[in-house]
Each structure stands twice: as C-alpha cells, then as structure tokens.
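A.B. asks: Input: one structure, supplied below.
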Amino acid sequence: MLATTGVLAKSGRVLAGAATLAGLLLAAPAAAHAHSADSADDPATACPFSRTLCLFDSTGYTGARFAVQSRSPSETVCVDLVAHGWGDRARSAVNTGTRAAHLYSSSDCTGTPVTVTGAASSLPLQGGSVRVS
C-alpha cells in the first residue's frame, strides 16, 4: 500500500492532511500523492486521476509525483508548492483536466506562468506555485 500525503484546497486556502489510500485522496478537493517510478511512464499511467495536475520530480513522468486538483472545476486555486516541499522540484507534468494549469516561479501564483495542457515530458521551469481549476 502506498502511503500518501493529502493537501486540501478550498477557495485559495490550503490545508494539510494525511491518508494511506490513494482512493481516499481522490475524493478530497486537492491531493498530493507520493509516487515513485524508475523508468519512463506513459502519461496516462503516470497520472491515472481525472481532472488532476500531476507534477514529477524527474523528466519523462518519473520520480516522485505531486498531484493536485481544485475542489470543483469552477474553482481556481493557487497551491504554494514551496510550502508542500515541491518548490523547484517539478521536471515534468501531466494535466488530465480540461482546463490549462499554470506553473509560476513565485510561491503565490504571480508573474508570468508556464501553461500546462496535456503532457509535458520536460518543463522549462520548476515552479514555486501552480494554479489549477
């Protein structure tokens, strides 16, 4: 069983929690999942969640995974990656949502973002925050 850490985001507020089943976290408004892969994964396999942005600390959708989603598709939420130990760690990403996610170098979703739609096997910046909806 994979131990995971959860991050709940509601109306821009971020709360921390923990769970031991990935299924429990998918029901949460936003979630962070520990994932480790030694070889390159198919994006759909690497991020099997719906309406979720998965960040990986290695290129090609490998390494540890941080997955985040907003409480509802109509809510836009800024998640401080630095506060969750993911500042400057993201090297690749998979966005399974229908809306673009935006990765920022700042920890408060300000500045010029990198837009993430679909899968990016390599990111031009690692980021300090991400805006998802």
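A.B. asks: Can you name every residue in region 98-133 that is on the phi < 0 side of the Ramachandran plot, modelled with pLDDT under 95 and small (Gly, Ala, Ser)?
C.D. replies: SER133
A.B. asks: Then there is this: Looking only at region 107-133, how many residues end up being in a strand (DSSP E or B) and surrounded by 14 or more Cβ atoms within 10 Å (Cβ to Cβ)?
C.D. replies: 8
A.B. asks: Tell me, which residue of region 50-75 that is β-branched (Val, Ile, Thr) and crowded, with 17+ Cβ neighbours inside 10 Å is farthest from GLN126 (Cα to Cα)?
C.D. replies: This residue is THR52.
A.B. asks: Among the strands (runs of 3 or more DSSP E) lying completely within region 5-90, list those that include at least 1 residues that are at pLDDT below 50.
C.D. replies: Counting at least 1 such residues, we get 13-19.
A.B. asks: Assess whether TYR104 counts as being crowded, with 16+ Cβ neighbours inside 10 Å and free of Cβ contacts under 8 Å to residues at least 40 places away in the same chain.
C.D. replies: So TYR104 passes the test.
The values are calculated or read from the model by the stated rules, or taken from the named source; none is laboratory data. Given the structure is predicted, the values throughout are model-derived calculations rather than measurements. No Cβ is skipped: glycine too gets one built from the backbone with ideal geometry, and neighbour counts run over all protein chains shown.
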